[in-house]
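One structure is given here, and the rest of the page talks about it.
The values are calculated or read from the model by the stated rules, or taken from the named source; none is laboratory data. Every value quoted in this text rests on a predicted model; they were computed, and no experiment measured them. Glycine gets a Cβ as well: all are built from the backbone with ideal geometry, and neighbour counts include every protein chain shown.
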Amino acid sequence: MGDESTSHSVSQLGGIDGNKSYETQVVLNVYDLTPLNNYTVWFGLGIFHSGIEVHGKEYGFGAHDFPVSGVFEVEPRSCPGFIYRCSVSLGLINTHPSEFRTFIENVASEYHGDTYHLISKNCNHFTDDMACRLTQKRIPGWVNRLARLGSLCSCLLPESLQVTTVKQIPEYHHESEDGTETLSITTPRVSEELDDDQEKRLLSPLAAMSPVAGSGDVTFVKEAHK
């Protein structure tokens with residue numbers, strides 16, 4: 001994760017126009033998944049969602065059942081279904097928006113919705129990887145500490161929290177000027193292992209969205225064709 005040798009890195013790219021700066025902040029936006037975080041955060045624990053904000057958009061990673069991009073974008077600090085907690089500045093990059101779009105589409109090919117896993121490949125693993133590639137910095141350890149603890153004692157976790165079982169189907173429609181495609185979410189099909197809304201929310205930020213209300217605020221990033 002965060003391999004500096006990967007071609008999918010923008011850390012050494014400048015703007016397309018060498019005489020013009022496209023400097024932008026890379027910001028980690030953190031959300032609470034449960035009000036209990038207000039108590040557990042004092043012990044260095046909590047259940048969080050996070051997204052990476054670049055060039056005025058926030059990018060996250062969520063689960064669905066298909067081998068296509070699970071990377072999505074929302075307005076900064078406005079991910080549907082969660083409570084915004086704080087932002088952490090990770091540094092500056094100088095990259096043209098179109099170069100960054102190419103970068104994020106390449107990253108999306110590595111983060112398919114059907115590979116999401118609460119313990120080993122969740123939204124916070126995605127933002128940590130993005131932070132490493134963009135700024136060579138890691139996200140704060142407390143953001144994903146619960147997953148790291150879970151990886152040490154996964155045998156103690158309920159089976160429903162060890163697998164990605166949220167059945168969301170991404171459908172792409174008309175393409176916008178910046179190359180993104182708007183998202184429509186079909187009626188979710190949730191496996192029998194999950195019988196509690198909170199567990200569904202733990203598995204994926206996309207599971208917190210109503211199939212009707214709020215779905216227009218989320219756009220999947222279409223992965224680059226290889």
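Here are some notes:
- Selection status of Gly113, under 18 Å from the mean Cα position of the chain (by Cα), farther than 18 Å from Asn37 by Cα and either of a type outside the set (Ser, Thr, Tyr) or at pLDDT 90 or above (or both): yes
- Test for Leu118: is it modelled with pLDDT under 90 and more than 16 Å from the chain's Cα centre (by Cα): no
Per-residue answers, yes or no, for (1) closer than 18 Å to Val143 by Cα; (2) β-branched (Val, Ile, Thr); (3) surrounded by fewer than 20 Cβ atoms within 10 Å (Cβ to Cβ):
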position: Lys57; (1), (2), (3): no, no, no
position: Thr95; (1), (2), (3): no, yes, no
position: Glu110; (1), (2), (3): no, no, yes
position: Asn124; (1), (2), (3): yes, no, no
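- For segment 76-98, taking the residues that are part of a loop (DSSP other than H, G, I, E, B) and on the phi > 0 side of the Ramachandran plot, the one that is modelled with the highest pLDDT is identified as Arg77.
- Exclusive hit being in contact with a Cys (Cβ under 6 Å, 6 or more places away or on another chain) and crowded, with 17+ Cβ neighbours inside 10 Å, set Phe61, Phe72, Phe48, Phe100: Phe61
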